[in-house]
Amino acid sequence: MSFCYWKLCTCPDTQPCSEHHGNHCGLFNGLQITNNNQVVDGITRNTDAAILRMTADEATIDMEIAKVEQRKQQLENMKRDLDTAFDGANSIGQRRAAIQKGMQAYATANEVNQEAASAAQQAYALTVGWQSAIGAMSTKLIQPYSDPTGYCDCYTTKLDQLAAIDGQISNSRARWNADNAELARYRSHLWNIVKAPATIVTGLGIWAYIIFGWGAALMKAMFVILLVVAIMVIAFLLRLLYLKKRMATLARQLLGLQLIYYRVQSIGTCKKFAGEEQYYENIWWQDEVLKNLPDYKAEDQ
């Protein structure tokens, strides 16, 4: 005996089931569904493709995080070398070498600013793409679900399953919205830091330091500050990337829940028999009882 997708009736196509006196239960486009993954159409194919893209985005973000971690280590090493160079600069040659390290720090700090600005922009573009996929799928869902033709236990079970999935979708969306707001704050902080022009002493000040050693503490402080700011930018960038990775995972999970909802939503429940509805709903049981009476006669006799 074959049961419907909801496991509550034996519903053939042409005759009504004995449980609910309906037919076509558990069908999608004429196919008898036993697993919701069998619900396949253009919408599910596009959503599956979007989920695969989000999985690839997660891998790309992991590589970005590894690169930024290396950059952070480079900056910390440069700061340590810069401290050593300035603290031990007693001759013109040593001071010239210290300035060269300072100029390298200056160039690296500018590169970090550009990298951070680009990463923040990419983060925005990715989240817009994820939100677009989630929003497009949302338009295909009936939330909360209802069907004016639903009437049986199969329909009640369908409502319960969809309500449970809808609750998970709502929770995931709330977390997504919170993370998206946090990401916007980090992007704003990064932008405010990197858009400020780096300041550096004039060429005359550098010349005076190399020849006479004047302003050594100030010169060192200027270059060290550049590196400290760059390290701070990297820290913000790492936080942004980890947040972006979490959002990619959450977007994939949210879209996956929407896909499950859509598939379950698309699976039919019992439809009232289109033939002798009155007979099947009201009279069939009377004949079963009356035919056992001694004086019973069928209506056509």
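Which is touching a Leu at 6+ places or on another chain (Cβ under 9 Å) and of a type in the set (A, V, I, L, M, F, W, C), of ALA98, ALA136, ALA85? Please lay out each step first, then the result.
On the way: ALA136 fails: touching a Leu at 6+ places or on another chain (Cβ under 9 Å); ALA85 fails: touching a Leu at 6+ places or on another chain (Cβ under 9 Å).
Step by step, each of ALA98, ALA136, ALA85 is checked, and only ALA98 is touching a Leu at 6+ places or on another chain (Cβ under 9 Å) and of a type in the set (A, V, I, L, M, F, W, C).
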- Item | Test: residue in region 64-72 that is polar (S, T, N, Q) and either surrounded by 12 or more Cβ atoms within 10 Å (Cβ to Cβ) or closer than 30 Å to LEU243 by Cβ (or both) | yes
- Could you tell me whether ALA50 is modelled with pLDDT of 90 or more, at negative phi and surrounded by 14 or more Cβ atoms within 10 Å (Cβ to Cβ)? yes
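Could you list, in sequence order, all residues of region 88-102 that are over 10 Å from LEU226 (Cβ atoms) and touching a helix residue (DSSP H, G or I) at 6+ places or on another chain (Cβ under 8 Å)?
Once the filter is applied, which keeps residues that are over 10 Å from LEU226 (Cβ atoms) and touching a helix residue (DSSP H, G or I) at 6+ places or on another chain (Cβ under 8 Å), region 88-102 yields GLY88, ALA89, ILE92, GLN94, ARG95, ARG96, ALA97, ALA98, ILE99, LYS101.
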- Message: Please determine whether any residue of region 81-91 is over 28 Å from GLU111 (Cα atoms) and in the same structural domain as GLN122 (by TED's automatic domain parsing).
- Response: yes
- Query: Quick one: PHE86 ticks every box in (1) touching a residue at least 60 places away in the same chain (Cβ under 8 Å); (2) under 15 Å from ALA221 (Cα atoms); (3) out of contact with any Gly (no Cβ under 9 Å at 6 or more places or on another chain) bar one, so which box is it?
  - Reply: (3)
- Sole exception among (1) modelled with pLDDT of 90 or more; (2) buried (at least 19 other Cβ atoms within 10 Å of the Cβ) for HIS20, by number: (1)
- Message: Going through LEU218, LEU183, LEU204 one at a time, which residue ends up being touching a helix residue (DSSP H, G or I) at 6+ places or on another chain (Cβ under 6 Å) and at pLDDT below 95?
- Response: LEU183
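The values are calculated or read from the model by the stated rules, or taken from the named source; none is laboratory data. Not measured: the values here are computed from a predicted model. Backbone-built Cβ (ideal geometry, glycine too); neighbour counts: all protein chains shown.
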